[in-house]
Each structure stands twice: as C-alpha cells, then as structure tokens.
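Below: the structure, in structure tokens.
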Amino acid sequence: MTEPLEMDYVVRGFDCGYGGPLRPFALANYFQEAAGAHAAMLGIGMEHLWRKGLTWMLARIDIRITRLPEHGAKVCVRTWPAGTRRLFALRCLELEDAQGKRLAGALYEYIIVDMQTRRPVRPERHLSPDLKVDRPWPYEDLAPGVEEGPFLEFERGNLSAGQEFRLAFEIEARGRHIDHNGHVNNAHFVNWLCDAVPGAEYGTGPQKDSETGSEAGSSHVPAIAPKRLKIDFVHEIRRGEKIRAWYLPAGEGIWLSALSTEGGLAARARLSI
C-alpha cells in the first residue's frame, strides 16, 4: 500500500526574503525535492523513466498559501500521488508547521514525455493504479489551469504584449538555472513569475494567516507571498535563452504574469495577493 512521504526541514536564512518569511522560490524547491524523492522510492522516479526513454515534466500547478514560516522554523512537507486525469499524473503536496497546522497546500499535474518524440504519453500505461493514495487533497478547491484568453497575444507571436501586459524585467537563462532535464528548473519559473508583480503591490506589515486573518507572529515582515499561485508551464526554456517577464493587473488583488522567449510564451500565471 502506498503511503505519503514526509520530509522535515528547518527554514534557513537563504530560504527567506529580506526581512521576511520563506520565499515562494524556496517553497517550490521543498515541494520539488519531496516529490522527486517520493517518486524514486515508488520506482517511478526520473532515472526509472529515463531507462524507458521517458521523462517527467511539470505541466500545471495550483498552490494555496495560508501562511509561510519564518527563519528558524521547523516544517514538514508531505506528498502523495493522487491518481491520473487525462494526460496528467496528479500529486498532492502540503507544508505543515511544527504543531501540525497546514501552512500551504498544492496540486501538481505532471506529464510523462517520450524523450525521442518530445510528445506526452498516457500516464496509466506506466503508472500502476496501486500508486494512488486514498487521501483528501490539501484543499478541496485546488484546480490547476490558468485561463488562456489574456495570454493569446503571446501565442500569436506578439511578444511586445500589445498595450496590456507590462514588461517587468529581462534575464538570461544561465547554468545555475538548469536542471537534469536540460532546461530551466520549475522553481525558477515560480521565482520569476512572482517577481514580475511589482513589489509595492504586495504591501508590508505583519504577515497574516489568510484563513483566520490573525497575525502570524509579532515580527513586522514584508508580506511578499501570494495567497494563491497558479502556473501553466507552456514551453521549456533552455540555457542561453533570453527571457522576458511580464505582468498585468486583473482585478482587486489579482495579477497575471508571464514569461516569454523568442520562441513564444513559456509560462503563464495567476496570482492572488
């Protein structure tokens, strides 16, 4: 019987923003490490798939954040496979504090890709039904997938983004950004898509619990984390590619952000602040 995997962490200073709590970039790395470790334990890790000419690719994520831990906090990441849906293999992840209170939860949707054709294959052909853990999702309303409409200009090749999206910054994919698949690690996508939203829009003040509204602690820290983050990973980014990060206000507390390269749209995101 498949059981969830739990991994303990102590939040280090380099995992946190300036004067603030755990960064979304670090949270994405925690989740990615736990997911990879569990897949390897279950015999469906990256190396297992490579031997079959296949590889994992992260397609879509939905992360809800109640509160992020601060420097020195002890936390636990729990993860488990949640079955398949169409071309996607589902995985749940959650972050808890030392008292067992959930701080964040996520649903990740992966695809299995044929390395020769670069096309996805049906996950049920390679994943046993017994791998699914019969456990509730961290949050019932988790639903990966970002509405494509506002991003169509990118997909039509209009990389200037017309009159709506605004350019936040440009960066080049370097060696430090590349993972074992030969493309930019998904945590850097998370980092850049969050950074695309102007810092002033996050506000400052005591970090609050998004469910109760109460202050998370006595320290006065920048509230730099989104309450919810949905990302679609549209196209891989390789070393040396020039990346543009864009943002667009989309309603009270809602921001859209995007990453583009010369090849078109690489990722789209919806952030709730």
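Table for the structure above
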| item | result |
| --- | --- |
| Options Ala28, Ala40: the member that is modelled with pLDDT of 95 or more, in contact with a helix residue (DSSP H, G or I) (Cβ under 8 Å, 6 or more places away or on another chain), surrounded by fewer than 16 Cβ atoms within 10 Å (Cβ to Cβ) and not in a strand (DSSP E or B) | Ala40 |
| Single residue of segment 93-103 satisfying the filter (under 19 Å from Asp62 (Cα atoms) and over 12 Å from the mean Cα position of the chain (by Cα)) that is surrounded by the fewest Cβ atoms within 10 Å (Cβ to Cβ) | Arg102 |
| Ala59 out of contact with any Ser or Thr (no Cβ under 9 Å at 6 or more places or on another chain), surrounded by 19 or more Cβ atoms within 10 Å (Cβ to Cβ) and among the small types (Gly, Ala, Ser) | yes |
| Per-region count, segment 235-269, residues closer than 23 Å to Leu107 by Cα and crowded, with 22+ Cβ neighbours inside 10 Å | 11 |
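Residue-wise test of (1) in a loop (DSSP other than H, G, I, E, B); (2) of a type in the set (D, E, K, R); (3) over 28 Å from Val10 (Cβ atoms); (4) at pLDDT 95 or above.
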residue: Arg60; (1), (2), (3), (4): no, yes, yes, yes
residue: Leu93; (1), (2), (3), (4): no, no, no, yes
residue: Ala106; (1), (2), (3), (4): no, no, no, yes
residue: Gln116; (1), (2), (3), (4): yes, no, yes, no
residue: Glu124; (1), (2), (3), (4): no, yes, yes, no
residue: Asp130; (1), (2), (3), (4): no, yes, yes, no
residue: Pro144; (1), (2), (3), (4): yes, no, yes, yes
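The values are calculated or read from the model by the stated rules, or taken from the named source; none is laboratory data. What you see is a predicted model, and the numbers here were worked out from it, not measured in a lab. For neighbour counting, all protein chains shown are included, and Cβ atoms are generated from backbone atoms with ideal geometry for every residue, glycine included.
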